[in-house]
Amino acid sequence: MLYHLLLQTVKTQQSAGVSPGQPHLLQYDLNGSEDVDKAVNDLSQETKGGQLYVLADEVMSEYIVLFSMVNIFKTFCHKLLTQVPHLHLWAASYFHGDAPVGWQVEYLTRPLRSPPAVVREVKQDVRITTDRHVKPYSKRGVPDHTDGPPVTRLYHRGQGHSGDGPGDCVTCGREVASFLHSLRDGVTATVTTSSTPISCGSTPPCLQWRDVLLLSSDSWRDSCGMVRTLIEAGIPVRVMKDDDMEDVATARSDVVWAAVGDHVLGLERKVVVCPYDVGGSVRLHLMSRCTSQLVIVSR
């Protein structure tokens, strides 16, 4: 996402007659020591005047590094600092307690992405309330123009419901499809972000399909009852694969992406549908992607 934003900025500056340089996308898998060393060597070669500036976002926590007692990100930082003494490195993580010893730490806890209605859901996540791996929210510090649309709650229970969970249920799919169409048609309340209302007129629709994410902590299949039902209801749904990462990040295609929550960390959409039980870290990883209308489908 950052790479594509930089590309847009470069193109804008070039059209104004400025030559700012060209961004290059380098990808590494830091779960392996070989890629750690390669990343350190590549970055150290970019040092200018003995200094290097690095921004690291969505840094994984030591609580969830894959069965390893070594925090690989800290190893990466240590090795890079060894080769580049004048290193300027800024890193962000929603977990606290991950910073290497001696680093300056700031806690940014004001909820700015989501409206209060969504924040109240996210703040109940066990990572915040029980495990305390994530700092609790502080006061927003700015006026709330709106509480945001009320959280819509649908339930996988009662007559007509089937499947192991909401994602496999045709009836749940029909209820979600009906609600999403109502947002498009302007039948329900105005869709509002945390800062700006979006007018719901019929031309053009107040909501585009690219504004919606269907998120689960489990993998999606094209054969899932909810996916099939949404498509039958005229909603273009695509199950996210590895090759779709760029399309999802840039919202290039006007479709509703069905994705695993861990694959979209850092992204946000106006409408987020969570069609599974809300235990674990579903609130933190999935619901926090929402900037406006949250839909929860639970048992």
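Of everything in region 112-170, what is touching a helix residue (DSSP H, G or I) at 6+ places or on another chain (Cβ under 8 Å), of a type in the set (G, A, S) and not in a loop (DSSP other than H, G, I, E, B)? Give them in sequence order.
If the condition is that a residue be touching a helix residue (DSSP H, G or I) at 6+ places or on another chain (Cβ under 8 Å), of a type in the set (G, A, S) and not in a loop (DSSP other than H, G, I, E, B), then G167 is the only one that fits.
Hey, can you tell me all the residues within region 1-41 that are of a type in the set (D, E) and either closer than 22 Å to M245 by Cα or surrounded by 10 or more Cβ atoms within 10 Å (Cβ to Cβ) (or both)?
Result: D29, D35, D37.
Scan region 158-201 residue by residue and report those that are touching a strand residue (DSSP E or B) at 6+ places or on another chain (Cβ under 6 Å), open to solvent by 40 Å² or more (accessible area, probe 1.4 Å) and modelled with pLDDT under 90.
Across region 158-201, the qualifying residue is only T190.
Any chance region 202-210 includes a residue that's over 20 Å from C172 (Cβ atoms), modelled with pLDDT under 90, among the hydroxyl-bearing types (S, T, Y) and open to solvent by 30 Å² or more (accessible area, probe 1.4 Å)?
yes
Just need a number here: residues in region 265-283 that are open to solvent by 20 Å² or more (accessible area, probe 1.4 Å) and not in a strand (DSSP E or B).
Residues that pass the stated criteria total 11.
Looking only at residues that are under 25 Å from G234 (Cα atoms) and among the basic types (K, R) in region 252-292, which one is farthest from the chain's Cα centre (by Cα)?
R252
Can you name the residue in region 97-114 that is closer than 17 Å to S288 by Cα and either of a type in the set (A, V, I, L, M) or modelled with pLDDT of 95 or more (or both) and is also surrounded by the most Cβ atoms within 10 Å (Cβ to Cβ) among such residues? Full working, then the answer.
Applying the first criterion (closer than 17 Å to S288 by Cα) to region 97-114 yields 108-114.
From what's left, either of a type in the set (A, V, I, L, M) or modelled with pLDDT of 95 or more (or both): 108, 112.
Details: L108: 9, L112: 12.
Among those that are closer than 17 Å to S288 by Cα and either of a type in the set (A, V, I, L, M) or modelled with pLDDT of 95 or more (or both), it is L112.
Quick one: how many residues across region 212-237 are open to solvent by 20 Å² or more (accessible area, probe 1.4 Å), at pLDDT below 95 and in contact with a helix residue (DSSP H, G or I) (Cβ under 6 Å, 6 or more places away or on another chain)?
Going through region 212-237 one residue at a time, the tally reaches 1.
Within the set of pairs 6+ apart or on separate chains, which have a first residue in region 77-98 that is under 13 Å from A39 (Cβ atoms) and assigned to a loop (DSSP other than H, G, I, E, B), a second that is of a type outside the set (D, E) and open to solvent by less than 80 Å² (accessible area, probe 1.4 Å), and C-beta atoms under 8 Å apart?
What qualifies is V84/L43; V84/S44; V84/T47; V84/G50; V84/Q51; V84/L52.
Is it the case, given these coordinates, that D262 is free of Cβ contacts under 8 Å to residues at least 60 places away in the same chain, more than 23 Å from Y155 (Cβ to Cβ), open to solvent by 70 Å² or more (accessible area, probe 1.4 Å) and not in a loop (DSSP other than H, G, I, E, B)?
When the stated conditions are applied, D262 passes them.
Go through (1) open to solvent by less than 30 Å² (accessible area, probe 1.4 Å); (2) free of Cβ contacts under 8 Å to residues at least 12 places away in the same chain; (3) touching a strand residue (DSSP E or B) at 6+ places or on another chain (Cβ under 6 Å) for D247 and report which single condition fails.
Looking at each condition in turn, D247 falls short on (3).
Considering only region 77-96, state which residues are over 22 Å from the mean Cα position of the chain (by Cα) and open to solvent by 10 Å² or more (accessible area, probe 1.4 Å). Give the steps one after another, and end with the answer.
Looking only at region 77-96, we keep the residues that are over 22 Å from the mean Cα position of the chain (by Cα), and these are 77-89.
H78, K79, L81, T82, Q83, P85, H86, L87, H88, L89, listed by residue number.
The values are calculated or read from the model by the stated rules, or taken from the named source; none is laboratory data. The structure presented is a predicted model; accordingly, all values stated were derived computationally and were not measured. With ideal geometry, Cβ positions are generated from the backbone for all residues, glycine too; neighbour counts draw on all protein chains shown. Ligands, DNA and RNA are excluded from the accessible area calculation, which covers all protein heavy atoms including side chains. Shrake-Rupley method; radii C 1.70, N 1.55, O 1.52, S 1.80 Å.
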